[in-house]
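Everything on this sheet refers to the single structure shown next.
The values are calculated or read from the model by the stated rules, or taken from the named source; none is laboratory data. On a predicted model such as this, the values are computed, not experimentally measured, just so you know. Backbone-built Cβ (ideal geometry, glycine too); neighbour counts: all protein chains shown.
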Amino acid sequence: DTGVSQNPRHKITKRGQNVTFRCDPISEHNRLYWYRQTLGQGPEFLTYFQNEAQLEKSRLLSDRFSAERPKGSFSTLEIQRTEQGDSAMYLCASSRGTGGSGELFFGEGSRLTVL
Amino acid sequence: GQNIDQPTEMTATEGAIVQINCTYQTSGFNGLFWYQQHAGEAPTFLSYNVLDGLEEKGRFSSFLSRSKGYSYLLLKELQMKDSASYLCAVRDRAGGSYIPTFGRGTSLIVHP
């Protein structure tokens, strides 16, 4: 049983460049979440998918951020024209739709450093 | 949205008991989670409470009072490996989506 997989694990980029992160959730999970975490803070919600539909998006998320989940399987998070303030750990999590507590299973994260 | 408050840092001695508190404000409460996060790693699920009372799981227990907007995580027989950040997360059903919102975490330092 594989867990949530994210890649790349680390990304260093120059300000103004575009970056894309990929998340492969646990196969039977239909809910997928993206969070961002900076040092000393808890994960901050970015966006949520149920199957292929993007149902929630944080008001804090600028237009430079876009996420997709084609076919309700893997998801991508793209950041355009990166800024130094985008430097953070980007966490993907998945959960079951029904039954149980619906706890989130997190991937190892993709750490972004914008120079 | 939610307003989740937990202490920034706590210290405790190996073998002792520690209680980490979490208070929250929400309009559509639908469950509270505790996660453990070691430095540089992903959060891992510890416990879930949706009804009032105590849930026990080995050395870890979690308590919830919905009327008070209050939860705590109790760690017994502390071990050095318990040094980590402990995240309280509240799930809200506002808007029809059930999305957990996390507090900033409590950094627990266990010393010999």
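Looking only at region B:58-112, count every residue that is in a loop (DSSP other than H, G, I, E, B) and either more than 10 Å from the chain's Cα centre (by Cα) or among the polar types (S, T, N, Q) (or both) and tell me the total.
Counting residues in region B:58-112 that are in a loop (DSSP other than H, G, I, E, B) and either more than 10 Å from the chain's Cα centre (by Cα) or among the polar types (S, T, N, Q) (or both) gives 16.
Could you run through region B:4-26 and say how many residues are under 14 Å from the mean Cα position of the chain (by Cα), outside any loop (DSSP other than H, G, I, E, B), more than 14 Å from B:Arg66 (Cβ to Cβ) and of a type outside the set (A, V, I, L, M, F, W, C)?
Quick first cut of region B:4-26, residues under 14 Å from the mean Cα position of the chain (by Cα) only: B:4-10, B:18-24.
Now drop any that are not outside any loop (DSSP other than H, G, I, E, B), which leaves B:4-5, B:9-10, B:18-24.
When the remaining residues are screened for being more than 14 Å from B:Arg66 (Cβ to Cβ), the result is B:4-5, B:9-10, B:18-21.
Cutting the leftovers down to of a type outside the set (A, V, I, L, M, F, W, C) gives us B:5, B:9, B:19, B:21.
Going through region B:4-26 one residue at a time, the tally reaches 4.
Among the residues of region B:82-112, write down those that are away from chain A (no Cβ under 14 Å) and free of Cβ contacts under 8 Å to residues at least 12 places away in the same chain.
none
State whether one or more residues within region B:51-59 are at pLDDT below 95, within 14 Å of chain A (Cβ to nearest Cβ) and crowded, with 19+ Cβ neighbours inside 10 Å.
No, that holds for no residue.
Residues that are out of contact with any helix residue (DSSP H, G or I) (no Cβ under 7 Å at 6 or more places or on another chain), within 14 Å of chain B (Cβ to nearest Cβ) and touching a residue at least 40 places away in the same chain (Cβ under 8 Å): find the strands (runs of 3 or more DSSP E) completely inside region A:60-104 holding 2 or more of those.
On the way: elements: A:65-68, A:75-79, A:88-95.
Ranges flagged: A:88-95.
Among the residues of region B:27-38, are any part of a strand (DSSP E or B), among the aliphatic types (A, V, I, L, M) and under 19 Å from A:Tyr35 (Cα atoms)?
Yes: one or more hits.
Within region B:24-50, can you find the residues that are more than 12 Å from every other protein chain (Cβ to nearest Cβ) and among the hydroxyl-bearing types (Ser, Thr, Tyr)?
Answer for region B:24-50, where residues must be more than 12 Å from every other protein chain (Cβ to nearest Cβ) and among the hydroxyl-bearing types (Ser, Thr, Tyr): B:Tyr24, B:Thr26, B:Ser27.
Quick check: anything in region B:20-29 of a type in the set (A, V, I, L, M), more than 21 Å from B:Glu9 (Cβ to Cβ) and surrounded by 13 or more Cβ atoms within 10 Å (Cβ to Cβ)? Lay out the reasoning, then the answer.
As a first pass, look at region B:20-29 and keep what is of a type in the set (A, V, I, L, M): B:20.
With the extra rule that they be more than 21 Å from B:Glu9 (Cβ to Cβ), the set shrinks to none.
There is no residue in region B:20-29 that is of a type in the set (A, V, I, L, M), more than 21 Å from B:Glu9 (Cβ to Cβ) and surrounded by 13 or more Cβ atoms within 10 Å (Cβ to Cβ).
Just give me the residues in region A:62-76 being modelled with pLDDT under 95, closer than 19 Å to A:Gly16 by Cβ and not small (Gly, Ala, Ser), in sequence order.
Answer for region A:62-76, where residues must be modelled with pLDDT under 95, closer than 19 Å to A:Gly16 by Cβ and not small (Gly, Ala, Ser): just A:Asp63.
Restricting attention to region A:57-115, report how many residues are among the polar types (S, T, N, Q), surrounded by 19 or more Cβ atoms within 10 Å (Cβ to Cβ) and over 30 Å from B:Trp34 (Cβ atoms).
Count: 1.
Take the conditions within 9 Å of chain B (Cβ to nearest Cβ), surrounded by fewer than 21 Cβ atoms within 10 Å (Cβ to Cβ) and free of Cβ contacts under 8 Å to residues at least 40 places away in the same chain and apply them to A:Gln41. Does it pass? Working first, answer last.
On the way: within 9 Å of chain B (Cβ to nearest Cβ): yes; surrounded by fewer than 21 Cβ atoms within 10 Å (Cβ to Cβ): yes; free of Cβ contacts under 8 Å to residues at least 40 places away in the same chain: yes.
Yes.
Answer yes if at least one residue in region A:3-10 is surrounded by 12 or more Cβ atoms within 10 Å (Cβ to Cβ), under 27 Å from B:Val50 (Cβ atoms) and among the polar types (S, T, N, Q), and no otherwise.
No, region A:3-10 has no match at all.
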